[in-house]
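Take a look at the structure below.
The values are calculated or read from the model by the stated rules, or taken from the named source; none is laboratory data. This structure is a prediction, so every number in the text was calculated from the model and none was measured. Neighbour counts run over all protein chains shown; Cβ positions are idealised from the backbone, glycine included. These area figures cover heavy atoms from the full protein model, side chains too; ligands, DNA and RNA do not enter into them. Shrake-Rupley method; radii C 1.70, N 1.55, O 1.52, S 1.80 Å.
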Amino acid sequence: MKKMIQIGAGNIGRACIGRLFSDIGYQIYFSDVNQELLNLLSSKKEYNVRIVGQNLDNTICIKNVDRVPEDTDKLLSLFDEIDIITTAVGVNILPKIAPFIADAISRRYKTKNEKLLNIMACENTIGASDKLKEAVYSILDDDIKNWMNGKIAFSNVAVDSIVPTIKNDDPLTVTSESFAELIIDKTTFLGEIQETEGLILKENLEAYVQRKLFTLNTGHAITAYLGFEYNKSTIYDAINDDNIKNIVFGAMQESGNVLIKRYGFTKEEHSKYIDKILNRFFNPYLEDSVLRVGREPLRKLSYNDRLIKPIRGAIEYNIEYKNLLRGVISAFKFYNSEDEESIRLKKMLEEENLYDIIIKITGLENESHLVDEIYSHLKNKE
(Lines give C-alpha, C1' and ligand atoms only; values in the text may rest on other atoms or scores of the structure.)
Protein backbone atom coordinates (compact mmCIF):
# COMPACT_ATOMS: atom_id res chain seq x y z
CA MET A 1 0.00 0.00 0.00
CA LYS A 2 1.30 3.46 -0.92
CA LYS A 3 1.90 5.84 1.96
CA MET A 4 1.52 9.59 2.40
CA ILE A 5 1.71 12.26 5.08
CA GLN A 6 -1.11 14.78 5.41
CA ILE A 7 -0.03 17.83 7.43
CA GLY A 8 -3.17 19.25 8.97
CA ALA A 9 -5.80 16.90 10.38
CA GLY A 10 -8.59 19.47 10.33
CA ASN A 11 -11.77 19.49 8.27
CA ILE A 12 -10.22 19.83 4.80
CA GLY A 13 -7.38 17.47 5.69
CA ARG A 14 -9.75 14.68 6.71
CA ALA A 15 -12.91 15.28 4.65
CA CYS A 16 -11.30 16.25 1.36
CA ILE A 17 -7.61 15.31 1.09
CA GLY A 18 -7.76 12.21 3.26
CA ARG A 19 -10.98 11.05 1.64
CA LEU A 20 -9.70 11.46 -1.93
CA PHE A 21 -6.39 9.66 -1.36
CA SER A 22 -8.04 6.94 0.70
CA ASP A 23 -10.27 6.27 -2.32
CA ILE A 24 -7.21 5.36 -4.39
CA GLY A 25 -5.65 3.15 -1.73
CA TYR A 26 -3.20 5.31 0.21
CA GLN A 27 -2.36 4.79 3.85
CA ILE A 28 -2.47 8.24 5.41
CA TYR A 29 -0.35 9.50 8.29
CA PHE A 30 -1.61 12.75 9.81
CA SER A 31 0.45 15.49 11.42
CA ASP A 32 -1.17 18.29 13.41
CA VAL A 33 -0.75 20.55 16.43
CA ASN A 34 -3.83 18.93 17.98
CA GLN A 35 -2.25 16.02 19.82
CA GLU A 36 -5.55 14.78 21.22
CA LEU A 37 -6.92 14.39 17.70
CA LEU A 38 -3.77 12.63 16.53
CA ASN A 39 -3.92 10.23 19.45
CA LEU A 40 -7.51 9.35 18.58
CA LEU A 41 -6.50 8.69 14.97
CA SER A 42 -3.63 6.52 16.17
CA SER A 43 -5.92 4.59 18.48
CA LYS A 44 -8.80 3.94 16.06
CA LYS A 45 -6.89 3.80 12.77
CA GLU A 46 -10.03 5.14 11.02
CA TYR A 47 -12.50 8.02 11.01
CA ASN A 48 -15.87 8.84 9.47
CA VAL A 49 -16.90 11.46 6.93
CA ARG A 50 -20.59 12.31 7.04
CA ILE A 51 -21.71 13.52 3.61
CA VAL A 52 -24.89 15.62 3.62
CA GLY A 53 -27.07 17.38 1.07
CA GLN A 54 -30.54 17.42 -0.42
CA ASN A 55 -31.89 13.88 0.09
CA LEU A 56 -28.39 12.79 1.08
CA ASP A 57 -26.99 11.76 4.44
CA ASN A 58 -24.34 9.06 4.10
CA THR A 59 -21.39 8.18 6.31
CA ILE A 60 -18.23 6.71 4.85
CA CYS A 61 -15.37 5.21 6.85
CA ILE A 62 -11.81 6.25 6.00
CA LYS A 63 -9.52 3.38 7.02
CA ASN A 64 -5.75 2.85 7.07
CA VAL A 65 -4.99 6.10 8.87
CA ASP A 66 -2.59 6.90 11.70
CA ARG A 67 -0.61 9.76 13.18
CA VAL A 68 2.99 10.41 12.15
CA PRO A 69 5.28 8.50 14.54
CA GLU A 70 6.52 10.34 17.61
CA ASP A 71 9.58 8.10 17.74
CA THR A 72 12.41 9.63 15.69
CA ASP A 73 13.61 6.38 14.14
CA LYS A 74 10.08 5.40 13.11
CA LEU A 75 9.51 8.86 11.63
CA LEU A 76 12.71 8.62 9.60
CA SER A 77 11.61 5.20 8.40
CA LEU A 78 8.29 6.68 7.30
CA PHE A 79 10.14 9.44 5.42
CA ASP A 80 11.85 6.63 3.48
CA GLU A 81 8.56 5.08 2.40
CA ILE A 82 6.13 7.90 1.56
CA ASP A 83 5.13 8.86 -1.97
CA ILE A 84 3.26 12.09 -1.19
CA ILE A 85 3.19 14.90 1.36
CA THR A 86 0.10 17.14 1.34
CA THR A 87 -0.86 20.08 3.54
CA ALA A 88 -4.09 21.74 4.64
CA VAL A 89 -2.97 24.16 7.33
CA GLY A 90 -3.62 27.65 5.97
CA VAL A 91 -1.17 29.50 3.75
CA ASN A 92 0.23 31.57 6.63
CA ILE A 93 1.32 28.40 8.42
CA LEU A 94 3.33 27.00 5.50
CA PRO A 95 6.67 28.53 6.63
CA LYS A 96 6.18 26.91 10.04
CA ILE A 97 5.90 23.40 8.58
CA ALA A 98 8.82 23.89 6.16
CA PRO A 99 11.38 22.42 8.63
CA PHE A 100 9.40 19.17 8.89
CA ILE A 101 9.38 18.80 5.10
CA ALA A 102 13.03 19.79 4.89
CA ASP A 103 13.80 17.00 7.37
CA ALA A 104 11.99 14.50 5.14
CA ILE A 105 13.95 15.65 2.09
CA SER A 106 17.27 15.65 3.96
CA ARG A 107 16.61 12.08 5.07
CA ARG A 108 16.05 11.01 1.45
CA TYR A 109 19.29 12.76 0.43
CA LYS A 110 21.37 11.18 3.20
CA THR A 111 20.16 7.68 2.35
CA LYS A 112 20.34 8.33 -1.41
CA ASN A 113 16.69 7.32 -1.64
CA GLU A 114 15.55 8.09 -5.19
CA LYS A 115 11.93 7.09 -4.64
CA LEU A 116 9.75 9.83 -6.17
CA LEU A 117 8.16 12.26 -3.71
CA ASN A 118 5.45 14.76 -4.61
CA ILE A 119 4.69 17.61 -2.19
CA MET A 120 1.44 19.55 -2.56
CA ALA A 121 0.17 22.46 -0.48
CA CYS A 122 -3.62 22.14 -0.68
CA GLU A 123 -4.46 25.69 0.39
CA ASN A 124 -6.98 28.26 -0.80
CA THR A 125 -4.53 30.51 -2.59
CA ILE A 126 -2.65 30.71 -5.88
CA GLY A 127 0.77 29.05 -5.98
CA ALA A 128 0.66 27.64 -2.43
CA SER A 129 3.12 24.87 -3.27
CA ASP A 130 5.50 27.45 -4.73
CA LYS A 131 5.34 29.35 -1.44
CA LEU A 132 6.01 26.16 0.50
CA LYS A 133 8.90 25.27 -1.82
CA GLU A 134 10.45 28.69 -1.25
CA ALA A 135 10.25 28.23 2.53
CA VAL A 136 11.74 24.72 2.34
CA TYR A 137 14.51 25.77 -0.06
CA SER A 138 15.58 28.54 2.32
CA ILE A 139 16.52 25.79 4.79
CA LEU A 140 18.21 23.27 2.49
CA ASP A 141 21.82 23.26 1.30
CA ASP A 142 22.49 23.76 -2.41
CA ASP A 143 23.77 20.22 -2.85
CA ILE A 144 20.45 18.82 -1.56
CA LYS A 145 18.45 21.14 -3.82
CA ASN A 146 20.47 20.06 -6.85
CA TRP A 147 20.03 16.39 -5.95
CA MET A 148 16.24 16.82 -5.71
CA ASN A 149 15.81 17.46 -9.43
CA GLY A 150 13.65 14.75 -10.97
CA LYS A 151 13.13 13.03 -7.62
CA ILE A 152 11.19 15.47 -5.43
CA ALA A 153 8.66 17.98 -6.76
CA PHE A 154 6.38 20.68 -5.41
CA SER A 155 3.18 20.68 -7.49
CA ASN A 156 0.56 23.39 -7.26
CA VAL A 157 -3.05 22.27 -6.93
CA ALA A 158 -6.61 23.55 -6.88
CA VAL A 159 -8.51 22.12 -3.91
CA ASP A 160 -12.28 22.46 -3.64
CA SER A 161 -14.70 21.25 -0.98
CA ILE A 162 -16.97 23.03 1.49
CA VAL A 163 -16.31 21.54 4.92
CA PRO A 164 -17.86 23.66 7.67
CA THR A 165 -17.14 23.34 11.36
CA ILE A 166 -19.96 21.13 12.62
CA LYS A 167 -19.67 19.33 15.95
CA ASN A 168 -20.36 15.61 15.88
CA ASP A 169 -20.72 13.18 18.78
CA ASP A 170 -17.53 11.48 17.62
CA PRO A 171 -14.68 14.06 17.59
CA LEU A 172 -13.06 12.24 14.66
CA THR A 173 -16.16 12.51 12.46
CA VAL A 174 -16.23 15.42 10.02
CA THR A 175 -19.28 16.60 8.04
CA SER A 176 -18.91 17.61 4.40
CA GLU A 177 -20.74 18.20 1.17
CA SER A 178 -20.45 15.41 -1.38
CA PHE A 179 -18.28 17.48 -3.73
CA ALA A 180 -14.52 17.08 -3.21
CA GLU A 181 -11.96 17.89 -5.89
CA LEU A 182 -8.19 18.16 -6.13
CA ILE A 183 -6.73 19.23 -9.47
CA ILE A 184 -2.96 18.72 -9.69
CA ASP A 185 -0.46 20.41 -12.01
CA LYS A 186 0.40 17.65 -14.46
CA THR A 187 3.49 19.49 -15.74
CA THR A 188 5.34 19.23 -12.42
CA PHE A 189 3.94 16.05 -10.84
CA LEU A 190 6.44 13.19 -10.85
CA GLY A 191 5.35 9.70 -11.83
CA GLU A 192 1.76 8.56 -12.07
CA ILE A 193 -1.32 8.73 -9.88
CA GLN A 194 -4.71 7.08 -10.27
CA GLU A 195 -7.15 9.72 -11.48
CA THR A 196 -10.74 9.71 -10.26
CA GLU A 197 -13.74 12.00 -10.54
CA GLY A 198 -12.31 14.10 -7.70
CA LEU A 199 -8.56 13.64 -8.25
CA ILE A 200 -7.43 15.06 -11.58
CA LEU A 201 -4.20 16.00 -13.37
CA LYS A 202 -4.35 19.05 -15.66
CA GLU A 203 -1.68 20.75 -17.76
CA ASN A 204 -3.38 24.16 -17.67
CA LEU A 205 -3.75 24.19 -13.90
CA GLU A 206 -3.64 27.97 -13.57
CA ALA A 207 -6.94 28.33 -15.42
CA TYR A 208 -8.66 25.93 -13.03
CA VAL A 209 -7.06 27.44 -9.92
CA GLN A 210 -8.22 30.88 -11.01
CA ARG A 211 -11.68 29.59 -11.93
CA LYS A 212 -12.16 28.02 -8.52
CA LEU A 213 -10.67 30.89 -6.53
CA PHE A 214 -12.57 33.63 -8.34
CA THR A 215 -15.88 31.79 -8.51
CA LEU A 216 -16.26 29.61 -5.42
CA ASN A 217 -14.02 31.57 -3.05
CA THR A 218 -15.11 34.97 -4.33
CA GLY A 219 -18.79 34.03 -4.10
CA HIS A 220 -18.39 32.32 -0.74
CA ALA A 221 -16.58 35.32 0.78
CA ILE A 222 -19.08 37.86 -0.54
CA THR A 223 -21.96 35.74 0.74
CA ALA A 224 -20.33 35.75 4.19
CA TYR A 225 -19.61 39.50 4.24
CA LEU A 226 -23.08 40.42 3.04
CA GLY A 227 -24.53 37.86 5.43
CA PHE A 228 -22.77 39.58 8.33
CA GLU A 229 -24.00 42.96 7.13
CA TYR A 230 -27.59 41.66 6.87
CA ASN A 231 -27.41 39.92 10.28
CA LYS A 232 -27.51 36.37 8.88
CA SER A 233 -25.86 33.61 10.87
CA THR A 234 -25.09 31.03 8.17
CA ILE A 235 -24.20 30.92 4.49
CA TYR A 236 -27.49 29.11 3.86
CA ASP A 237 -29.47 31.87 5.56
CA ALA A 238 -27.56 34.53 3.65
CA ILE A 239 -27.88 33.03 0.17
CA ASN A 240 -31.62 32.56 0.67
CA ASP A 241 -31.97 36.33 0.95
CA ASP A 242 -32.71 37.51 -2.60
CA ASN A 243 -30.79 40.77 -2.13
CA ILE A 244 -27.64 38.86 -1.17
CA LYS A 245 -28.15 36.11 -3.75
CA ASN A 246 -28.48 38.63 -6.58
CA ILE A 247 -25.27 40.43 -5.60
CA VAL A 248 -23.34 37.17 -5.21
CA PHE A 249 -24.59 35.84 -8.54
CA GLY A 250 -23.76 39.16 -10.18
CA ALA A 251 -20.25 39.12 -8.71
CA MET A 252 -19.70 35.56 -9.98
CA GLN A 253 -20.80 36.63 -13.44
CA GLU A 254 -18.46 39.64 -13.38
CA SER A 255 -15.47 37.58 -12.28
CA GLY A 256 -16.55 34.92 -14.77
CA ASN A 257 -16.43 37.40 -17.64
CA VAL A 258 -12.80 38.06 -16.73
CA LEU A 259 -12.03 34.33 -16.63
CA ILE A 260 -13.68 33.81 -20.02
CA LYS A 261 -11.57 36.58 -21.54
CA ARG A 262 -8.33 35.44 -19.92
CA TYR A 263 -8.49 31.66 -20.16
CA GLY A 264 -10.86 30.91 -23.00
CA PHE A 265 -13.66 29.22 -21.04
CA THR A 266 -16.86 29.30 -23.07
CA LYS A 267 -19.78 31.33 -21.73
CA GLU A 268 -21.95 28.21 -21.67
CA GLU A 269 -19.51 26.04 -19.69
CA HIS A 270 -18.73 28.81 -17.24
CA SER A 271 -22.39 29.61 -16.72
CA LYS A 272 -22.94 25.96 -15.78
CA TYR A 273 -19.98 26.14 -13.40
CA ILE A 274 -21.41 29.24 -11.69
CA ASP A 275 -24.79 27.52 -11.28
CA LYS A 276 -23.10 24.45 -9.78
CA ILE A 277 -21.15 26.57 -7.29
CA LEU A 278 -24.16 28.67 -6.32
CA ASN A 279 -26.29 25.58 -5.76
CA ARG A 280 -23.70 24.29 -3.30
CA PHE A 281 -24.32 27.34 -1.10
CA PHE A 282 -27.99 26.31 -0.85
CA ASN A 283 -27.14 23.08 0.98
CA PRO A 284 -29.24 23.42 4.19
CA TYR A 285 -27.29 20.69 5.94
CA LEU A 286 -23.99 22.57 5.91
CA GLU A 287 -24.46 24.92 8.85
CA ASP A 288 -21.57 27.10 7.74
CA SER A 289 -21.21 30.25 9.83
CA VAL A 290 -20.69 33.57 8.05
CA LEU A 291 -18.18 34.36 10.80
CA ARG A 292 -16.11 31.31 9.87
CA VAL A 293 -16.20 31.87 6.11
CA GLY A 294 -15.49 35.60 6.44
CA ARG A 295 -12.46 35.31 8.71
CA GLU A 296 -9.07 36.69 7.60
CA PRO A 297 -10.52 39.70 5.75
CA LEU A 298 -7.10 41.36 5.39
CA ARG A 299 -5.81 38.43 3.33
CA LYS A 300 -9.01 38.21 1.32
CA LEU A 301 -8.85 41.95 0.54
CA SER A 302 -5.21 41.77 -0.58
CA TYR A 303 -4.05 42.65 -4.08
CA ASN A 304 -4.05 39.17 -5.65
CA ASP A 305 -6.82 37.51 -3.67
CA ARG A 306 -10.51 36.78 -4.30
CA LEU A 307 -11.99 40.29 -4.05
CA ILE A 308 -9.52 42.78 -5.48
CA LYS A 309 -7.93 40.70 -8.24
CA PRO A 310 -11.18 40.04 -10.18
CA ILE A 311 -11.96 43.77 -10.06
CA ARG A 312 -8.51 44.53 -11.48
CA GLY A 313 -9.23 42.01 -14.23
CA ALA A 314 -12.60 43.61 -14.91
CA ILE A 315 -10.92 47.01 -15.26
CA GLU A 316 -8.32 45.49 -17.59
CA TYR A 317 -11.02 44.09 -19.90
CA ASN A 318 -13.41 47.03 -19.47
CA ILE A 319 -16.02 44.83 -17.74
CA GLU A 320 -18.59 45.98 -15.19
CA TYR A 321 -17.72 45.17 -11.55
CA LYS A 322 -20.38 46.84 -9.39
CA ASN A 323 -21.29 43.61 -7.55
CA LEU A 324 -17.65 42.73 -6.89
CA LEU A 325 -17.16 46.24 -5.54
CA ARG A 326 -20.19 45.79 -3.29
CA GLY A 327 -18.50 42.70 -1.85
CA VAL A 328 -15.31 44.64 -1.15
CA ILE A 329 -17.21 47.36 0.70
CA SER A 330 -18.97 44.75 2.81
CA ALA A 331 -15.67 43.01 3.59
CA PHE A 332 -14.29 46.20 5.11
CA LYS A 333 -17.27 46.23 7.51
CA PHE A 334 -16.91 42.59 8.58
CA TYR A 335 -16.00 41.79 12.18
CA ASN A 336 -15.41 38.52 13.98
CA SER A 337 -14.27 39.03 17.57
CA GLU A 338 -12.43 35.70 17.52
CA ASP A 339 -10.51 36.39 14.30
CA GLU A 340 -7.14 38.13 14.62
CA GLU A 341 -7.35 39.82 11.21
CA SER A 342 -10.86 41.15 11.94
CA ILE A 343 -9.60 42.64 15.18
CA ARG A 344 -6.67 44.27 13.38
CA LEU A 345 -8.93 45.65 10.65
CA LYS A 346 -11.34 47.15 13.18
CA LYS A 347 -8.46 48.78 15.06
CA MET A 348 -7.05 50.24 11.85
CA LEU A 349 -10.43 51.67 10.86
CA GLU A 350 -10.79 53.27 14.27
CA GLU A 351 -7.30 54.76 14.49
CA GLU A 352 -5.93 55.40 11.00
CA ASN A 353 -6.78 57.43 7.91
CA LEU A 354 -9.37 55.54 5.83
CA TYR A 355 -7.79 56.32 2.44
CA ASP A 356 -4.38 55.13 3.64
CA ILE A 357 -5.92 51.98 5.13
CA ILE A 358 -7.52 51.05 1.79
CA ILE A 359 -4.17 51.33 0.01
CA LYS A 360 -2.32 49.45 2.76
CA ILE A 361 -4.76 46.53 2.76
CA THR A 362 -5.49 46.23 -0.97
CA GLY A 363 -2.07 47.15 -2.34
CA LEU A 364 -3.71 49.45 -4.89
CA GLU A 365 -0.97 52.12 -4.77
CA ASN A 366 -1.06 52.52 -8.55
CA GLU A 367 -4.83 52.21 -9.06
CA SER A 368 -6.00 55.44 -7.48
CA HIS A 369 -9.32 55.43 -9.36
CA LEU A 370 -10.35 52.15 -7.71
CA VAL A 371 -9.13 53.39 -4.32
CA ASP A 372 -11.27 56.49 -4.82
CA GLU A 373 -14.31 54.32 -5.56
CA ILE A 374 -13.81 52.14 -2.48
CA TYR A 375 -13.19 55.21 -0.31
CA SER A 376 -16.31 56.97 -1.58
CA HIS A 377 -18.54 53.96 -0.91
CA LEU A 378 -17.10 53.39 2.55
CA LYS A 379 -17.51 57.05 3.51
CA ASN A 380 -21.13 56.96 2.35
CA LYS A 381 -21.76 53.92 4.57
CA GLU A 382 -20.42 55.56 7.70
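Based on Cα positions only, what radius of gyration and what Dmax would you give for region 235-301, in angstroms?
Computed over the Cα atoms of region 235-301, radius of gyration and Dmax are 13.5, 35 Å.
Step through the residues of region 3-8 one at a time and calculate ³J(HN,Hα) from phi using the Karplus curve (6.51 cos²θ - 1.76 cosθ + 1.60, θ = phi - 60°), rounding each to whole Hz and writing x for Gly and Pro.
10, 8, 10, 10, 8, x
Using the Karplus curve 6.51 cos²θ - 1.76 cosθ + 1.60 with θ = phi - 60°, work out ³J(HN,Hα) for each residue of region 361-371 in order, rounded to whole Hz, and write x for Gly and Pro.
3J(HN,Hα) across region 361-371, in whole Hz: 6, 8, x, 8, 4, 9, 10, 4, 4, 5, 4.
Quick one: divide the alpha-carbon radius of gyration of the chain by 2.2 N^0.38 Å and tell me what you get.
Normalised Rg, Cα atoms only: 1.01.
Which of the peptides 58-68, 347-357 is most tightly packed, and how do the rest follow, judged by the mean count of other Cβ atoms within 10 Å per residue?
Numbers: 58-68: 15.6, 347-357: 12.3.
Packing proxy ranking, top to bottom: 58-68, 347-357.
Please report the base-10 log of the normalised intensity I(q)/I(0) for region 1-119, using a Debye sum with one equal scatterer per alpha carbon and no solvent, at each q in 0.09, 0.10, 0.15, 0.21 (1/Å).
-0.25, -0.31, -0.67, -1.24
Once the piece of chain linking residue 92 and residue 106 is laid out straight, how much longer is it, given 0.36 nm per residue of separation minus the C-alpha distance between them?
Stretched out fully, the residue 92 to residue 106 stretch lengthens by 2.7 nm.
Please name whichever of 91, 47, 60 sits farthest to the positive end of the charge dipole of region 35-119, dipole taken about the Cα centre and charges placed at Cβ: Lys and Arg +1, Asp and Glu -1.
The listed residue farthest towards the positive side: 91.
With θ taken as phi - 60° and the coefficients 6.51, -1.76 and 1.60, list the Karplus ³J(HN,Hα) couplings across region 131-148 in order, rounded to whole Hz; mark glycine and proline as x.
So the J values, rounded to whole Hz, are 5, 5, 4, 4, 5, 5, 5, 5, 9, 7, 6, 4, 5, 5, 4, 5, 5, 5.
For region 267-382, just the Cα atoms, rotate onto the principal axes and tell me the three extents in Å, largest first.
Principal axes ranked by extent give 43, 38, 24 Å for the Cα atoms.
Amide H of residue 173 versus every other amide H placed in the peptide plane: which residues, excluding those fewer than 5 positions away on the same chain, fall under 5 Å?
For residue 173, whose amide H was placed from the backbone, the distant partners under 5 Å are 48.
Taking every DSSP beta bridge that has both residues in the chain, what percent is antiparallel when rounded to the nearest 5?
Working: 13 of 39 bridges.
Percentage antiparallel, nearest 5: 35.
Mind checking the dipole of the chain: about its Cα centre, +1 per Lys or Arg Cβ, -1 per Asp or Glu Cβ, Debye to the nearest 20?
Dipole size: approximately 340 debye.
Could you compute how much accessible surface residue 189 exposes when probed at 1.4 Å, giving the result in Å² to the nearest 10?
20 Å²
Quick one: Cα convex hull volume of region 184-335, Å³ per residue? Don't skip to the end; give the middle numbers.
Details: hull volume 19.0 nm³, N = 152.
Dividing the Cα hull volume of region 184-335 by its residue count gives 125 Å³.
Taking the Cα centre of region 242-382 as origin, sum charge times position over the Cβ atoms of Lys and Arg (+1) and Asp and Glu (-1), and report the length of that vector in debye to the nearest 20.
Working: 23 positive and 24 negative charges, 80 e Å.
So the magnitude is around 380 debye.
Take the residue pairs 3/276; 133/333; 45/74 and return only those whose Cα atoms are more than 28 Å apart.
Result: 3/276; 133/333 exceed 28 Å.
List every residue whose amide H lies under 5 Å from the amide H of residue 32, counting only residues 5 or more places away in sequence or on a different chain, with H placed 1.01 Å from N in the peptide plane.
So residue 32 has HN proximity to 8.
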